[in-house]
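Undergrad: Quick one: the structure is below, questions incoming.
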Amino acid sequence: MKDDWQREIFHNSKYWGKVIAIVDEKIVEYADSYNEIDEKMMQKNLTFSTFKVPKQYDAYRILTFKIKNISKHEWKPIYPVDFILPDGNIKQERMLIDSGADISIINYNFGEELGFKRDEHEIMGFAEGFGSKINFLMRENEIEIDGYRIKNRFAWIQDEEIDDMIIGREVVFDEFDIEFKQVEEKIIFRKR
């Protein structure tokens, strides 16, 4: 199934840098933060998933280095991932499935939504590339993909300006065989 909501954000910059709510593969609401989108959607009483749209959706991001997308293919390999909250509830987020990423990444604001906190004695990790440095803290969270629950490790990015939400190879790619079908704009997860 092709994702109409991806086409819509590709062509409409009003969504760039916003959190969008998706119902039945359509954008039904957008806001500046996860809390704001939750408040708006509570009034509508709908089951929804969220996606944090990067500030420049039509660019590829490699840490802080951007390369303008030349091909203009509107589809990106984004897939719904359910996060199990500490109270047992589920929060669904659409995430980039990236076979080139070593680890999975959660942006700062979504990590706070999951209840992540920094211990003042905790030492941050950092990633470097192209003259920049990004601080992160490693966290674990139970997730569910296509009905299968696993514990996954995430680099919780400490820079609030970074919107990336990525499922990388560590853990998830060991648990699933993942097939990318670019022409069909489809991702298939098969539990190993």
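Undergrad: Name the single residue that is modelled with the highest pLDDT among those in the stretch 75-103 being under 17 Å from V171 (Cα atoms) and part of a loop (DSSP other than H, G, I, E, B).
TA: Selected residue: D98.
Undergrad: Is it true that some residue in the stretch 62-74 is within 14 Å of the chain's Cα centre (by Cα) and either surrounded by 13 or more Cβ atoms within 10 Å (Cβ to Cβ) or at pLDDT 90 or above (or both)? Even if it seems obvious, please write down each step before you answer.
TA: Taking the stretch 62-74 as the starting set, the residues that turn out to be within 14 Å of the chain's Cα centre (by Cα) are none.
No, every residue in the stretch 62-74 fails to be within 14 Å of the chain's Cα centre (by Cα) and either surrounded by 13 or more Cβ atoms within 10 Å (Cβ to Cβ) or at pLDDT 90 or above (or both).
Undergrad: Would a scan of the stretch 34-47 turn up a residue that is over 19 Å from D82 (Cβ atoms), of a type in the set (V, I, T) and not in a loop (DSSP other than H, G, I, E, B)?
TA: Checked against the condition, which is being over 19 Å from D82 (Cβ atoms), of a type in the set (V, I, T) and not in a loop (DSSP other than H, G, I, E, B), the stretch 34-47 yields no hits at all.
Undergrad: Looking for something more than 21 Å from P86 (Cα to Cα), charged (D, E, K, R) and in contact (Cβ under 8 Å) with a residue 24 or more places away in the chain - is there at least one such residue anywhere in the stretch 139-149?
TA: no
Undergrad: Right, another one. Answer yes or no as to whether I106 is out of contact with any Asp or Glu (no Cβ under 6 Å at 6 or more places or on another chain) and at pLDDT 90 or above.
TA: Considered against the rule, which asks whether it is out of contact with any Asp or Glu (no Cβ under 6 Å at 6 or more places or on another chain) and at pLDDT 90 or above, I106 comes out as yes.
Undergrad: Another one. Could you please let me know if D164 is at pLDDT 95 or above and of a type in the set (D, E, K, R)? Explain how you work it out, then say what you get.
TA: Numbers: at pLDDT 95 or above: no; of a type in the set (D, E, K, R): yes.
Considered against the rule, which asks whether it is at pLDDT 95 or above and of a type in the set (D, E, K, R), D164 comes out as no.
The values are calculated or read from the model by the stated rules, or taken from the named source; none is laboratory data. These numbers come from a predicted model, not from an experiment. Note: ideal-geometry Cβ built from the backbone for every residue, glycine included; neighbour counts use all protein chains shown.
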